[in-house]
Each structure stands twice: as structure tokens, then as C-alpha cells.
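What follows is one structure encoded as C-alpha cells, with my remarks underneath.
The values are calculated or read from the model by the stated rules, or taken from the named source; none is laboratory data. Only a predicted model underlies this, so the values are computations on that prediction, with no experimental measurement involved. Methodologically, a virtual Cβ is constructed for each residue, glycine included, from the backbone with ideal geometry; neighbour enumeration extends over all protein chains shown.
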Amino acid sequence: MSKKLVIVESPTKARTIKYILGSEYTVKATLGHIRDLPERTFGVDLETFNPVYEVLPKKKKIVAYLKKLANQSDSIFLATDEDREGEAIAWHTASILGKDINELKRVAFHEITKNAVLESFRNPRRIDMNLVSAQQARRILDRIVGYTLSPLLGRNLSAGRVQSVALQLIVVREKEIQDFIPEPYWIIRILVDRNGNQFRMRLISIDGEKIDSPGIKKKEDAERHINKIRICNELTVVDVSKTMKKTGPYPPFITSLLQQEASIKLGFSSSKTMLIAQKLYEGVPLDKKIPVGLITYMRTDSPSVSKLAQNQAAKFINENFGSQYVPEKPPHYIAKSSGSQEAHEAIRPTHINYTPDHIKKYLDRDCYLLYKMIWNRFIASQMKPAQIETLKVLADAGGYIFESFKSKVVFDGFTKIWQIKMDEGELEIPDDIAVGDKLKLVDVIPEEEKTKPPSRYTEASLIRTLEKFGIGRPSTYAPTISILLRRKYVRKEKKFFVPEKLGIMVSDALSKYFQDVINVQFTAKMEEDLDKIAEGKKDSLELLKEFYSNFKPSLDRASSEIDIKIDRNANQKEQPNEKIEKSCPKCGRPLVIRTSRYGKFIGCTGFPKCRYTEKIEK
């Protein structure tokens with residue numbers, strides 16, 4: 001009998017595949033990457049951009065064992081993950097084993113199920129060198145940026161191509177918040193009555209002029225209009241309209257959406273979400289302790305779904321919810337990014353009948369919560385849209401036009417298992433209200449508001465922004481955020497990212513000297529070029545030369561001009577208060593300029609007995 005060796009990355013994945021393939025195959029794991037650029041030297045020739053790879057020190061025993069098995073095997077299958085990183089691991093493994101890549105069999109599957117795995121082993125392919133080149137180019141780019149910029153910043157500090165742009169987004173947002181000056185505005189609402197039904201309406205136009213968003217800007221204007229409205233005892237309904245709107249289901253999860261939703265609904269960090277998702281993908285022991293891959297591959301930017309999975313979902317929906325929830329045609333979802341280059345299908349359950357409650361007893365709490373969210377989202381994505389009816393009413397009070405509405409769900413559709421937020425409006429509006437009806441004015445309700453600064457980034461909104469601008473790819477979001485926190489460049493406060501002093505100093509230094517390459521547009525363009533390499537439309541050497549020609553002048557300038565090293569203990573240092581020629585109006589003590597986490601302000605030297613503060617006028 002011929003000996004067949006299968007090499008994967010993870011022991012868990014190895015166990016699940018072993019159960020599927022049987023005793024004919026030996027399945028072993030590399031435990032992740034086994035070869036990389038050197039840890040203590042640069043490892044890239046900047047003339048040719050050829051990398052120098054080394055076996056990771058902790059993987060030497062594994063490599064020796066795999067070589068021994070490979071020499072005893074007649075067939076070798078490389079079953080690493082199907083994205084670029086998995087392709088690169090397969091290539092590195094083949095190189096370490098000393099085997100011709102054309103002689104090895106590359107198998108990849110989007111889900112670890114019996115049908116998918118056996119089908120891939122029946123139809124092996126060769127290693128895709130375009131994917132390998134794209135991943136290698138990314139690794140070299142990151143090494144060039146990290147290895148050359150980090151020493152400029154100071155000891156034990158680091159910079160990264162994507163990491164630095166993410167930090168820049170957080171720091172710029174914080175400065176926008178600090179510089180923001182709130183401005184007051186007024187919203188005018190009224191309470192009206194029709195035959196005992198009282199509901200509120202909002203002023204939307206005055207004498208045919210629509211009120212600019214967000215409301216009336218001047219207090220005197222608001223008071224003048226309020227006084228005029230108060231003397232109107234009655235309003236006339238001038239328009240009543242009913243509209244029926246279909247709200248379509250959300251697409252099944254891609255990596256970024258899964259991380260965002262898990263952050264919002266479950267409070268999981270992106271790193272935690274990916275660790276749990278990987279566990280669900282690689283296999284969880286269910287009945288008879290046999291591991292089962294519960295979800296499809298978790299690193300993907302494609303929302304598409306296989307026809308087989310759609311047919312299974314339609315059957316399940318029909319049997320469990322009713323035929324009225326099954327659409328005439330299966331929904332079709334398209335990736336927002338034209339450069340969708342990771343896995344080719346969305347994240348979904350591999351077995352529809354493994355409902356969350358059915359397998360809950362085999363899962364820990366976090367696995368159950370994430371699996372339930374993935375399962376619900378996928379089933380909902382294959383259901384009919386919800387139908388929402390909205391009744392809108394316009395009423396006139398001497399040239400003042402007020403608006404009100406109410407909405408109700410006529411058919412719940414996909415919202416039966418995936419809840420959405422809906423503004424129901426004023427539920428007391430009577431259904432039989434008609435044009436010409438008279439409404440009695442009960443009260444005028446002015447509301448003074450102030451414009452609000454932009455919100456700090458949460459993990460969900462930062463990932464959404466990175467994805468929007470095309471920065472990074474599914475596999476990079478979680479490690480990018482993790483390194484910002486680990487380096488203490490940012491901290492979390494109630495789910496929001498706040499830049500530390502250290503992070504602000506690093507970002508400012510990089511923005512000063514490397515604004516041409518450490519920015520949103522340049523980084524997004526680089527991702528597009530990496531996609532082209534993966535598609536075989538661009539040469540990796542051409543990309544690296546193009547990047548370095550832009551990067552080198554900035555590097556030379558920074559190396560010659562930069563005259564400070566950033567103190568990595570900056571977060572712990574107290575800044576001395578700056579004295580000003582002014583006394584406290586409360587206690588008479590001198591005032592000074594203080595610095596808090598929110599920026600600079602004027603405060604009393606008598607603190608904490610005297611808590612007088614004032615803003616610094618710009």
C-alpha cells in the first residue's frame with residue numbers, strides 16, 4: 001500500500017481531516033508558519049529584492065520530522081488554507097522538504113466536510129505561484145517598512161505599513177474631536193390632537209423654505225418662530241401618503257462584517273472572534289467525539305454562496321418557517337471590493353441542520369454565541385425581504401409645515417430570525433387620517449441641541465473604515481489592531497480607541513517624514529497592486545521597485561534630519577503645567593495650562609479645593 005502524507009497548519013484541522021480520510025493517510029501539522037525572514041537581520045536584498053528565508057527556531061524539530069515522513073511517502077498533499085497565506089505556507093513547506101513543487105499535490109477546501117475534502121483530494125492542483133508572489137511581496141513590503149522605520153522611532157518601538165495608517169486614522173480622529181467647537185441649534189416639535197389621538201410632529205419648512213439640517217441655527221430665529229406657532233390653535237392636514245418598502249436581508253458574513261458584528265453584539269475583540277471562528281472551522285468534537293468543521297473558511301471578502309448551500313437553506317426555511325419565507329429566486333450577493341481575492345464564498349454553517357440549539361451542549365459559551373450569529377445571519381440572508389408600511393402626514397399652520405410618520409411591519413421576512421432597528425415613529429397617528437382634517441395644537445416643544453464631534457473609533461468602526469478605503473485584507477485586521485494595543489499606542493475606553501501620548505508622537509513623526517507612503521491612498525493603492533499580482537496581472541518585482549523608489553527619499557531625509565528619539569515611557573510621564581498671567585476668578589490663585597487625556601485646558605493651581613476650569617480660546 002502506498003504511503004500518503006498530508007500536511008496542514010493546525011493539529012485540530014489535522015484531526016478533523018484524519019477522520020474524513022481514514023487510515024490510508026498520515027496527516028501532520030506545521031503548527032503555523034515554519035519559515036520566514038530572519039528575526040535579527042534584514043533578510044532582503046534591496047538591489048534585487050530577493051528574500052532570505054530561515055526555518056523558525058522553534059520549528060526545527062517539526063521540520064526534521066516532516067522531512068523524515070516525506071522521504072517515506074509516495075504522495076505528498078499540501079492541505080493548507082486556501083488564501084494567499086495558506087498558499088505561501090504550502091510553498092515554504094515544499095521548499096523545506098526539498099521537493100519539486102510540480103510533483104507535490106496542492107489541495108484546498110472552503111469547508112472541512114467529507115464531500116469538500118474528498119472532492120479536493122480527487123482533484124488536486126499545483127501551488128499557485130501568483131498567490132505566493134503576492135504574499136511574498138506583502139511580507140517584503142512590511143519588512144522594509146518595519147525594519148527601516150522602527151530604529152528611527154527609538155528603542156522597542158515599531159512602525160508598520162498598515163499598522164501606521166490605522167494609527168494615523170485614530171490620531172487624526174482624536175485631533176478632530178479636540179478641535180471641534182460645538183454649535184447650538186434648535187428643533188421645533190409640536191404635540192397635536194385629533195379626536196383624542198395625540199402625536200408629535202416636527203417642523204420641516206417655513207413659507208416654502210426647507211429647514212437646513214440639523215435645525216434652526218439662531219436662538220432669536222427659533223424664539224420668533226415658536227411664538228408665532230403658539231398662537232396657531234389649529235393645523236390642517238395637507239398631505240397623507242402610504243408607502244410600502246421592502247427591506248432586503250443582509251448578506252452572509254465576510255471576515256470584516258463578522259468582526260464588526262461580533263464586536264457590537266457580543267463584545268468580542270477582532271482577535272478573539274478570529275480564534276473562535278478558526279476553532280469552528282477546523283472542527284469541534286460533537287456526537288461520539290468525532291470532530292466536525294462547523295463553518296466555512298473564516299478569512300474571506302466574498303459574500304457569495306454555493307448553489308448547493310442555497311438549496312439546502314431554502315429547504316430548511318420551507319420546512320421550519322413556511323414557504324412564504326422562501327424567495328422565488330435565491331438571493332445573489334456581490335463583493336463591495338472588485339479586488340476580492342481571498343476565499344470564494346461567505347462564512348456560513350457547513351451543515352444547515354446543525355442548528356445552534358441542537359449542538360449547544362457540545363460548544364463552550366463563546367463558540368455557541370459566535371456560531372449562532374453565523375448560522376442566523378446565513379439563514380436570514382436566504383429569506384424573503386421584510387415589508388414595512390409607512391404612513392406620513394404633513395400639516396400646515398400658517399406657512400409652518402410639520403411632518404410626522406409611523407411605520408409597521410406588514411411581513412417580517414428575514415427579520416424573523418435577524419432583528420433590525422426600525423423607527424416606528426408616532427404610533428398614535430390614526431389610520432383614517434385624511435387631507436383636510438383639523439389638528440388641535442396642544443403644545444409647542446422646542447429642543448435645544450448642540451452639534452456633536454465625530455465619534456472615536458471602535459473596533460467595529462475602525463475595521464469598517466479600513467475596509468472602506470481598501471487598507472489591509474481579511475487576514476490583517478485583527479493583527480493590526482492587536483499590535484496597536486500591545487505597543488501601547490492606543491488604549492480602549494468603553495470600546496473606543498483613544499491614542500496614547502506615545503501613539504500620537506509616533507504618528508506625528510511618521511506623518512512628518514513619510515506622508516507620501518504612510519497614508520490612506522498610498523496604502524490602498526498598494527493593496528490593489530497586490531491583488532493584481534495574485535491575479536497574474538502585475539509583476540511583484542515591479543511593485544517592490546516602484547514602492548522603494550518612493551520610500552527611499554523619505555527614509556534618507558528622515559535619517560539625516562530626525563533629531564529626537566521617541567521615549568517609549570511617554571505615556572507615564574507627567575507634563576509640567578505652563579504658567580499664564582491670569583488669576584482664578586473664584587479663588588484668586590494663579591491659573592496654569594494643564595494637559596489631560598482630552599487635550600489642554602486652563603485650570604486653577606488650587607485644585608482639588610478649587611475646580612475652576614476654562615477652555616483655551618483658539
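What about Arg173, is it over 30 Å from Glu403 (Cα atoms) and at pLDDT below 95? Spelling it out, it is not the case that Arg173 is over 30 Å from Glu403 (Cα atoms) and at pLDDT below 95.
Tell me yes or no: at least one residue of region 121-144 is under 30 Å from Ile352 (Cα atoms) and in a helix (DSSP H, G or I). Yes, region 121-144 contains at least one residue that is under 30 Å from Ile352 (Cα atoms) and in a helix (DSSP H, G or I).
Collect the residues in region 37-47 that are touching a residue at least 40 places away in the same chain (Cβ under 8 Å) and either of a type in the set (Val, Ile, Thr) or on the phi < 0 side of the Ramachandran plot (or both), keeping them in residue-number order.
Just the residues of region 37-47 that are touching a residue at least 40 places away in the same chain (Cβ under 8 Å), to begin with: 37, 42-44, 46.
Listed by number, the residues that qualify are Leu37, Phe42, Val44, Leu46.
Residues that are among the hydroxyl-bearing types (Ser, Thr, Tyr) and buried (at least 17 other Cβ atoms within 10 Å of the Cβ) were ranked within region 484-520; the one that is nearest to Ser554 (Cα to Cα) is Tyr513. When we screen Asp396, Asp431, Asp366, Asp423 for residues that are assigned to a strand (DSSP E or B) and of a type outside the set (Ser, Thr, Tyr), the only hit is Asp396. Checked against the criterion of being of a type in the set (Asp, Glu) and either in the same structural domain as Ser407 (by TED's automatic domain parsing) or within 22 Å of Ser10 (Cα to Cα) (or both), region 293-308 has no qualifying residue. Filtering region 470-527 to residues that are among the β-branched types (Val, Ile, Thr) and more than 15 Å from Ser271 (Cα to Cα) leaves Ile471, Val490, Val498, Ile504, Val506, Val517, Ile518, Val520, Thr523. Region 231-334 holds helices (runs of 4 or more DSSP H) entirely within its bounds, and those carrying 2 or more residues that are out of contact with any helix residue (DSSP H, G or I) (no Cβ under 9 Å at 6 or more places or on another chain) and either loosely packed, with under 15 Cβ neighbours inside 10 Å or in contact (Cβ under 8 Å) with a residue 12 or more places away in the chain (or both) map to 307-320.
Tallying residues that are modelled with pLDDT under 95 and touching an Asp or Glu at 6+ places or on another chain (Cβ under 7 Å) within region 14-29 yields 0. Here the helices (runs of 4 or more DSSP H) wholly within region 436-520 that include at least 2 residues being within 24 Å of the chain's Cα centre (by Cα) and acidic (Asp, Glu) are 459-468.
Residue by residue, here is whether (1) within 27 Å of Arg348 (Cβ to Cβ); (2) touching a Pro at 6+ places or on another chain (Cβ under 9 Å) holds:
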site: Ile96; (1), (2): no, no
site: Ser120; (1), (2): yes, no
site: Leu149; (1), (2): no, no
site: Ile170; (1), (2): no, yes
site: Ile177; (1), (2): no, yes
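The residue of region 455-501 that is nearest to Gly86 (Cα to Cα), among those that are hydrophobic (A, V, I, L, M, F, W, C) and touching a strand residue (DSSP E or B) at 6+ places or on another chain (Cβ under 9 Å), is Ile481.
Are any residues in region 129-154 farther than 24 Å from Lys537 by Cα and without any contact (Cβ under 8 Å) to a residue 60 or more places away in the chain, and if so, which ones? Listed by number, the residues that qualify are Gly146, Ser150, Pro151.
Would you mind finding the one in Ala14, Ala64 that is small (Gly, Ala, Ser) and under 20 Å from Glu87 (Cβ atoms)?
Values: Ala64 fails: under 20 Å from Glu87 (Cβ atoms).
Only one candidate passes the filter, namely Ala14.
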